[in-house]
1. To the nearest 500 deg cm²/dmol, what mean residue ellipticity at 222 nm is calculated for the chain from DSSP H runs of n ≥ 4 alone, each contributing -39,500 (n - 2.57), summed and divided by the residues?
2. Using label points projected 7 Å from each Cα along Cα→Cβ, tell me how many nm separate residue 372 and residue 385, to one decimal.
3. Show me the ranking of peptides 183-191, 239-247, 114-122 by mean Cβ neighbours inside 10 Å, starting with the highest.
4. Bin by bin, in steps of 5 Å, what percent of the Cα pairs in the range 133-186 do you find, going until the bin that has the longest distance?
5. Give the ranking of 262, 26 by solvent-accessible surface, highest area first, calculated with a 1.4 Å probe.
6. Only Cα pairs within less than 10 Å get springs; with that Gaussian network setup on the chain, which residue of 27, 85, 223 has the largest fluctuation?
7. So what J values fall out for the range 26-37 if you push phi through Karplus, 6.51 cos²θ - 1.76 cosθ + 1.60 with θ = phi - 60°, rounded to Hz, Gly and Pro as x?
8. Cα centroid distance between the range 78-95 and the range 136-159, in Å?
Amino acid sequence: MSFPSVNVQPAEKTAFAILVVISVCHLLNDMMQTLLSAIYPLLQTNYGLSFAQIGMITLTFQGTASILQPMVGFYIDRHPRPYSLPVGMGLTLIGLVLFSQAGSYSVLLLAAALVGTGSSVFHPESSRVARMASGGRHGLAQSLFQVGGNAGSAIGPLLAAIIILRQGQSSVAWFAGAALLGIYLLIQVGHWSKRQGLIQLKSRVGTGVNQVVLPRGKVALALAVLLALIFSKFFYMASMGSYYIFYLIEKFHLPVQSAQLHLFVFYGAVAVGTISGGPLGDRYGRKVVIWGSILGVLPFTLALPYANLFWTGILSVPIGMILASAFPAIVVYAQELLPARVGTVAGMSFGFAFGMAGIGAAVFGHLADNTSLAYVYHLCSFLPAIGLLAIFLPDLETESKRRKRLAT
């Protein structure tokens, strides 16, 4: 496999070959992860699980990734490990095989923890490599990287419906081939990263036009707001990822495979939103995209609990697209707040996102057991209103222009 020459510096040219490979590996990684949530109905039948126990599987996976990702990001900022990516994919492979052979609920939780650990290694370092290969087009690079994960999340339920529900839980192991392909590709990415030199990234990162050094208090406030926005986005996404299938089955009496196709459509919309969020942020500013994506989805989420089956499917498309456009802009915005801490910011962002999704799945599982899934979706419909907090985010583009004017 041929990758861009070491003579091409990240700041001079966008390394699209690396971005495509990282995106493909993100697709493989997240496809394997969403296989798990897509077969929850099968697990519920095989093990007699409650909604709360299903939520605990998600919490174990998401919680493990949430706790470890910021630590991994903090570490790689100081001690670059270009070959950590295939190691992370290897942990996902072990978890996947263990999941296919699990004989008890406790083994399912262990397998979920291994998959979460693999993600904790993959996301911070691959996000850092994507920024390294961006050539200054940070939003585009982040979107290309993230859209792979969203595409994988969309494909996972489809493959689960076609293969696993027909062949049984043991067929999860068939997807080990995807993990092996990912390991091979990530070894090549490791070679490229080593040649380019991650130390060079540390010295160059944030040297674009959007670099702004804000007072510590403003940075802390902006980060707190971004975390609140991630909370609102991923709590809502947890209700869709873990329980949308059950919601469709319970409310509209759909068969499992039809419900999984609806989940596929939702994740497809998420992929479209992700690929557009970064470039829009590059063009119009991160804050504009954040405002539109978090708060703009509110009318659609408010309408969803009252919709019939046809309109539920229709509404899931703008909900997925608009919500998904936020995350690339949020990650790049946070990296511009802390330009010397790219890995830490990526780990914190992805880790907090995973944690909120895991906690949300567990909370909504308990809530659904005690009330109903219809009540859960009524409650979640108000979450995007938290997007009003974006008013407290500083306009980094305006700050950059002001400082340039003062400097001249």
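The values are calculated or read from the model by the stated rules, or taken from the named source; none is laboratory data. Nothing here was measured: the structure is a model prediction, and the numbers come from that model. All Cβ positions, glycine included, derive from the backbone under ideal geometry; neighbour counts span all protein chains shown. Areas reflect the complete protein model, heavy atoms only, side chains present, ligands, DNA and RNA absent. Shrake-Rupley method; radii C 1.70, N 1.55, O 1.52, S 1.80 Å.
1. Working: 17 runs with 314 residues, N = 408.
Mean residue ellipticity, 222 nm, calculated: -26000 deg cm²/dmol.
2. Each label point lies 7 Å from its Cα, and together they span 2.2 nm.
3. Details: 183-191: 18.9, 239-247: 24.1, 114-122: 26.8.
Going by the mean number of other Cβ atoms within 10 Å, highest first, we get 114-122, 239-247, 183-191.
4. Result returned by the calculation: 4, 16, 17, 20, 17, 11, 7, 5, 2, 0.
5. On the way: 262 50, 26 5 Å².
If we order 262, 26 from most to least accessible, we get 262, 26.
6. Maximum among the listed residues: 223.
7. Along the range 26-37, the couplings run 5, 4, 5, 4, 6, 4, 5, 5, 6, 4, 5, 5 Hz.
8. That distance is 19 Å.
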